[in-house]
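The next block holds one structure in the form of structure tokens; read it before the comments.
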Amino acid sequence: MTDLISSSRFAPVDIGADISSLRASDRQVLARLVAAARLMDALFLRQVWSGNETMLQALARKTSTEGRRQLHAFLLNKGPWSRLDDNAPFVPGAPPKPAGANFYPIGATKEEIQNWVDSLATGDRQEATGFFTTIRRRRDGRFVASPYSDEYQQELAEAARLLRDAATLAEEPTLTRFLETRADAFLSNDYYASDVAWMELEGAIEPTIGPYEVYEDELFNYKAAFEAFVTVRDAAETDRLKSFASHLQSLEDALPIDPSYRNPRVGSLTPIRVVNVLFTAGDANRGVQTAAFNLPNDERVLREKGSKSVMLKNIQEAKFCAVLQPIAATALTPAAHQAVSFDAFFTHILLHELMHGLGPHDIVAGNGATTVRKELRDTYSAIEEAKADVSGLWALQRLVDAGHVADAIGRSMYSTFLASMFRSLRFGINEAHGRGVAIQLNHFLDAGAVRVAADGRFEVVADAIGTAVTSLTAEIMTLQAEGSYQKAKSLIGRLGVVRPEVRRVLERLDGVPVDIEPRFVSAEGLSEV
Ligand code: ZN
């Protein structure tokens, strides 16, 4: 039986960033942001389960080795359930994890809540199904929507005070604006202006703090969980992104598809920020660590301002060292392992994000104008993720050939991606990224572009990989342009599987950590500012 709270599953790593070049006032801003972020941790804990705070206190009093282990796992998972193991409980006496977390009344069924929501007038229904309310039971037994600004009043007032304090210290006007409007939002429960201000952030400090993702609400995916990312911008990577952006139209013009499927005018794509993490909290720091995110989720802001992608470079690097390298050592031949590099790994991640914006999106199929997303339905995510990966390799090869990207990346990117495919497959093929990776790996095997050595280890076949990458890019983008659900379905059926030779390697990866457990070394230094 697996030890649910084995300490070897999350490798401890130091996470920090060089902030020595920042102004003293900026370091004071960061200290306040970290203090506000800690409040998000407390709020998230309460959002996960109404019993969390009591159980945490009980665990903190335990002195036995097993008690310490349970406390450690509790803090890592933000509750007594292992998020890696379908929320299996690891503290004796813990109930099953409530699907609706602590967003809905204890004991209320999904049907009861749905019936109540259906009975409401439009405005009230929007409140009840909105991001920023909990549903509570009144004394008379009826349900009522309670705004976060009431539900979490005390902590949010303190967080607002810290953000205002930071705003007066900040010298970057867009940062001041975000901090002030977000402080207002904590008290008014209206997050619109601060989401807009977040989209417009410039300068060295890039904070994300508040209620955002809805995954913790497994009942309805309505309710936003509190989280915080206190980060600073990576200047060198930001420049590199700018240079990639200047090549996007020429990449689109060269896509290996029928010219009529190419977009003659690639519009403005989702902006990407590359940052380094100083501190994360709440929903951003539980179980497997977030390595990139795309926000906001509010439809109104999305329509008016679009969204922004944030890539957490030092988190990616920590995962690369603690997880990807040991995977490469086990799954790849020694020569292929030698070639693996972080530079190639991270550059491909950037290209993956950019390539989501290229290729077919708005298409003509069947009954006229439509979108790839609409036509491909349940196959869309896996196909789109495979597209971003494989066309990212295709684009990188073109940029290397044209001298825009270093040859060293060209030499290491395929082996690096091969190792990274095994990392994705460990999370299973029921999720879009894993399924998309299975399609690619099996295509490469069938094309003779990846081969299995006698000892079961994998390696890239240098002469064949380029052609195989181009042919899969062409196959996927063509079926997207045609809006062909049937072709998507058959591609997934044929290649979206784990074959025996792949399964054998995955079994050998048992002792390799699944993810990292960060220790925020730079943030610890800040608290004394
Ligand atoms: Zn993606």
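Just how many % of Cα pairs in the chain lie over 36 Å apart, if you round to the nearest whole percent? Numbers along the way, then the final one.
Values: 51879 of 139656 pairs.
Every Cα pair in the chain considered, those over 36 Å come to 37 percent.
From the cross-link list K305/K489; K78/K374; K223/K305; K78/K308; K62/K97; K319/K487, which pairs have alpha carbons spaced over 32 Å apart? Show your work: numbers first, answer last.
Numbers: K305/K489 34 Å; K78/K374 36 Å; K223/K305 22 Å; K78/K308 27 Å; K62/K97 22 Å; K319/K487 35 Å.
Listed pairs above 32 Å: K305/K489; K78/K374; K319/K487.
How much of the DSSP bridge set in region 262-420 is antiparallel, in percent, rounded to the nearest 5?
Around 65 percent antiparallel, to the nearest 5.
Express in Å², to the nearest 10, the accessible area of Y152 obtained by rolling a 1.4 Å probe over the protein heavy atoms while all chains stay in place.
Surface accessible to solvent at Y152 totals approximately 0 Å².
Divide, for region 89-245, the radius of gyration over alpha carbons by 2.2 N^0.38 Å, where N is the residue count.
1.27
Return the loop-located chymotrypsin sites (Phe, Trp or Tyr not before Pro) in region 292-357 (DSSP other than H, G, I, E, B) with at most 11 other Cβ atoms within 10 Å of their own Cβ; answer none if there are none.
For chymotrypsin sites (Phe, Trp or Tyr not before Pro) across region 292-357 that sit outside H, G, I, E and B with at most 11 neighbouring Cβ atoms in 10 Å, the list is empty.
Could you give the accessible area per residue of region 444-508, probe 1.4 Å, as a whole number in Å²?
46 Å²
What is the magnitude of the charge dipole of the chain about its Cα centre, with +1 placed on the Cβ of each Lys and Arg, -1 on the Cβ of each Asp and Glu, and no other charges, expressed in debye to the nearest 20?
Here the chain has a charge dipole of around 840 debye.
List the residues, sorted by chain then number, that are 5 or more residues from Q289 or on another chain and whose placed amide H is less than 5 Å from its amide H.
Answer set, sorted by chain and number: I516.
Apply the Karplus curve 6.51 cos²θ - 1.76 cosθ + 1.60, θ = phi - 60°, to the phi angles in region 462-473 and return the couplings in whole Hz, x for Gly and Pro.
4, 6, 10, 5, x, 5, 5, 5, 5, 5, 6, 4
In square angstrom, what is the accessible area per residue of region 380-433 with a 1.4 angstrom probe?
34 Å²
For C321 and D510, calculate 0.36 nm times their separation in residues minus their Cα-Cα distance, and state this gained length in nm to one decimal.
Roughly 66.4 nm would be gained on extension.
Let me cross-check S64: its accessible surface, 1.4 Å probe, with only protein heavy atoms counted, in Å² to the nearest 10?
Counting only protein heavy atoms, S64 exposes about 60 Å² to solvent.
Given H placed on each backbone N at 1.01 Å, which residues far from A365 in sequence or on other chains put an amide H within less than 5 Å of it?
For A365, the qualifying residues are T370.
With r as the distance between the Cβ atoms of R411 and D258 and R0 = 25 Å, compute the FRET efficiency 1/(1 + (r/R0)^6) and round to 0.05.
Numbers: r = 32 Å, r/R0 = 1.27.
The computed FRET efficiency comes out at 0.20.
What longest range of the chain stays clear of loop-exposed GluC sites (Glu not before Pro) (DSSP non-H/G/I/E/B, at most 16 other C-beta within 10 angstrom)?
The segment 219-430 is the longest one with no such site.
Would you tally the net charge around S412, using a Cβ to Cβ cut-off of less than 14 Å, leaving S412 out, and scoring K and R as +1, D and E as -1? The partial results should precede the final answer.
Values: positive: R411; negative: D343, D407, E459.
Neighbourhood net charge equals -2.
With a 1.4 Å probe and every protein chain kept in, tell me what percent of the accessible surface of region 345-429 is carbon plus sulfur.
45 percent
Nearest 0.05, what FRET efficiency do K242 and L120 give at R0 = 41 Å with Cβ-Cβ as r?
With a Förster radius of 41 Å, E is 0.30.
Convert each backbone phi in region 79-86 into a coupling constant with the Karplus relation 6.51 cos²θ - 1.76 cosθ + 1.60 (shift: θ = phi - 60°), then list the ³J(HN,Hα) values in order as whole Hz, x for Gly and Pro.
x, x, 10, 7, 5, 7, 10, 6
Once the whole set of protein chains is in place, how much accessible area is left on I492, using a 1.4 Å probe, in Å² to the nearest 10?
Taking all protein chains as shown, I492 has close to 30 Å².
Would you work out the relative contact order for the chain, in percent, from Cα pairs under 8 angstrom that are 6 or more residues apart?
18 percent
Please list 3J(HN,Hα) in residue order for region 102-118, calculated via the Karplus relation 6.51 cos²θ - 1.76 cosθ + 1.60 where θ = phi - 60°; whole Hz, with x for glycine and proline.
9, 8, 10, x, 4, x, 6, 8, 4, 5, 4, 5, 4, 4, 5, 4, 4
Which far-off residues, 5 or more places away or on another chain, put their amide H under 5 Å from the one on D283, with H placed in the peptide plane?
Here F226, E227, A228 satisfy the definition.
Where in the chain lies the longest segment free of trypsin sites (Lys or Arg not before Pro) that are both loop residues by DSSP (not H, G, I, E, B) and have at most 16 other Cβ atoms within 10 Å?
266-529
Write down the percent of antiparallel bridges among all DSSP beta bridges whose residues are both part of the chain, to the nearest 5. If you can, show how the numbers build up before the last one.
Working: 32 of 43 bridges.
Of those bridges, close to 75 percent are antiparallel.
May I ask you to give the percent of accessible area on region 1-91 that is carbon plus sulfur, with a probe radius of 1.4 Å?
Values: 2240 of 4260 Å².
Carbon and sulfur together cover 53 percent of it.
Could you please state, rounded to a whole Å, how far the C-alpha centre of region 376-392 is from the C-alpha centre of region 117-163?
37 Å
Using a 1.4 Å probe over the heavy atoms of the protein chains, calculate the carbon and sulfur portion of the accessible area of region 218-298 as a whole percent.
Of the solvent-accessible surface of region 218-298, carbon and sulfur hold 49 percent.
With a probe of 1.4 Å, find how much accessible area region 1-132 has per residue, and write the answer as a whole number in Å².
50 Å²
The values are calculated or read from the model by the stated rules, or taken from the named source; none is laboratory data. Worth saying up front: this structure is predicted, and the values here are computed from it rather than measured. Methodologically, a virtual Cβ is constructed for each residue, glycine included, from the backbone with ideal geometry; neighbour enumeration extends over all protein chains shown. With ligands, DNA and RNA removed, areas are computed over all heavy atoms of the protein, side chains included. Shrake-Rupley method; radii C 1.70, N 1.55, O 1.52, S 1.80 Å.
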